[in-house]
């Protein structure tokens, strides 16, 4: 698979400048200053591009999973489903089609490995579990998939709100100290059993007024080739998060951007980004 750290082209939904014009202007300024090439995907109906766009497997290989997770059946979200075939056709992309229901935001990528939350089993009851695992390994072309428990307060169950690869043996995870001991133990055990070390980053959603509010989710950063763009939220944890990321990604360019407008809608930078290696 192509990890985020090797990507060099960023696509954003064309609905982003329409729905969040102030944020879009601020974000593209940061992208230009960071020398990140970006383009707009045409015909999108929501801003969360990573979720409905294909997963990049190799330089020219992409797999398009079925965008039909249970949370999307909410009547309020039916109008947000984009025509992915049309979007891909507009950029001359013909991905492999998969029957597996899986959002792109639920795939944390590294070389030869992927992390997916176990909501994928709930979304695909028609496929026997071991067969589903084998199909995922084959379609993602990975040697190992690590399944993590999902925080059920987040209806999407997306891995990118919980864990990100630092390298093939180490991941960044949320500081889950505000969660139950049972969840913390189960989450960390899934990583330990897979042979992964972890580093905790700040995570504090206690002050959020909505259960979809992602304000405080620093782990949902944008990573591209030699560049980290870190969301900040105007809270006391911002300075702590920046210091930790500067230590973790020493030698790389780290830029921050205020993200409260979009975080209140349920996602942050990784959610709005479809970054690939061209």
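The values are calculated or read from the model by the stated rules, or taken from the named source; none is laboratory data. Bear in mind the structure is a predicted one, so any value in this text is a computation, not a measurement. All Cβ positions, glycine included, derive from the backbone under ideal geometry; neighbour counts span all protein chains shown.
The figures follow:
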{"quantity": "Residues located in the range 202-232, provided they are under 18 Å from residue 117 (Cβ atoms), modelled with pLDDT under 95 and under 17 Å from the mean Cα position of the chain (by Cα)", "calculated": "203, 212, 214, 217"}
{"quantity": "Lone qualifier among 67, 52 - being within 16 Å of the chain's Cα centre (by Cα), free of Cβ contacts under 8 Å to residues at least 60 places away in the same chain, buried (at least 21 other Cβ atoms within 10 Å of the Cβ) and farther than 23 Å from residue 144 by Cβ", "calculated": "52"}
{"quantity": "Enumeration of residues in the range 1-27 that are free of Cβ contacts under 8 Å to residues at least 40 places away in the same chain and in contact with a strand residue (DSSP E or B) (Cβ under 7 Å, 6 or more places away or on another chain)", "calculated": "14"}
{"quantity": "Failed item in (1) in contact (Cβ under 8 Å) with a residue 60 or more places away in the chain; (2) surrounded by fewer than 16 Cβ atoms within 10 Å (Cβ to Cβ); (3) more than 24 Å from residue 9 (Cβ to Cβ), with residue 240 passing the rest", "calculated": "(1)"}
{"quantity": "Considering residues of the range 202-226 that are touching a helix residue (DSSP H, G or I) at 6+ places or on another chain (Cβ under 7 Å) and surrounded by fewer than 16 Cβ atoms within 10 Å (Cβ to Cβ) only, the residue nearest to residue 248 (Cα to Cα)", "calculated": "225"}
{"quantity": "Given (1) out of contact with any helix residue (DSSP H, G or I) (no Cβ under 6 Å at 6 or more places or on another chain); (2) under 22 Å from residue 225 (Cβ atoms), index of the condition residue 41 fails", "calculated": "(1)"}
{"quantity": "Count of the range 33-54 residues which are more than 19 Å from residue 86 (Cβ to Cβ) and assigned to a helix (DSSP H, G or I)", "calculated": "1"}
{"quantity": "Residue, nearest to residue 42 (Cα to Cα), within the range 96-119, restricted to residues that are part of a loop (DSSP other than H, G, I, E, B) and in contact with a helix residue (DSSP H, G or I) (Cβ under 6 Å, 6 or more places away or on another chain)", "calculated": "103"}
{"quantity": "Close pairs (7 angstrom Cβ cut-off, 6 or more residues apart or separate chains): on the phi > 0 side of the Ramachandran plot and touching a residue at least 60 places away in the same chain (Cβ under 8 Å) in the range 107-132, in a strand (DSSP E or B) and surrounded by fewer than 16 Cβ atoms within 10 Å (Cβ to Cβ) anywhere", "calculated": "112/144"}
{"quantity": "Condition broken by residue 225, with the remaining ones in (1) without any contact (Cβ under 8 Å) to a residue 40 or more places away in the chain; (2) more than 22 Å from residue 103 (Cα to Cα) satisfied", "calculated": "(1)"}
{"quantity": "Subset of the range 55-88 that is under 16 Å from residue 158 (Cβ atoms) and part of a loop (DSSP other than H, G, I, E, B) - its residue that is modelled with the lowest pLDDT", "calculated": "77"}
{"quantity": "Filter result for residue 31 (surrounded by fewer than 15 Cβ atoms within 10 Å (Cβ to Cβ) and more than 17 Å from the chain's Cα centre (by Cα))", "calculated": "no"}
{"quantity": "Residues being closer than 13 Å to residue 115 by Cβ and surrounded by fewer than 19 Cβ atoms within 10 Å (Cβ to Cβ) - total across the range 150-165", "calculated": "0"}
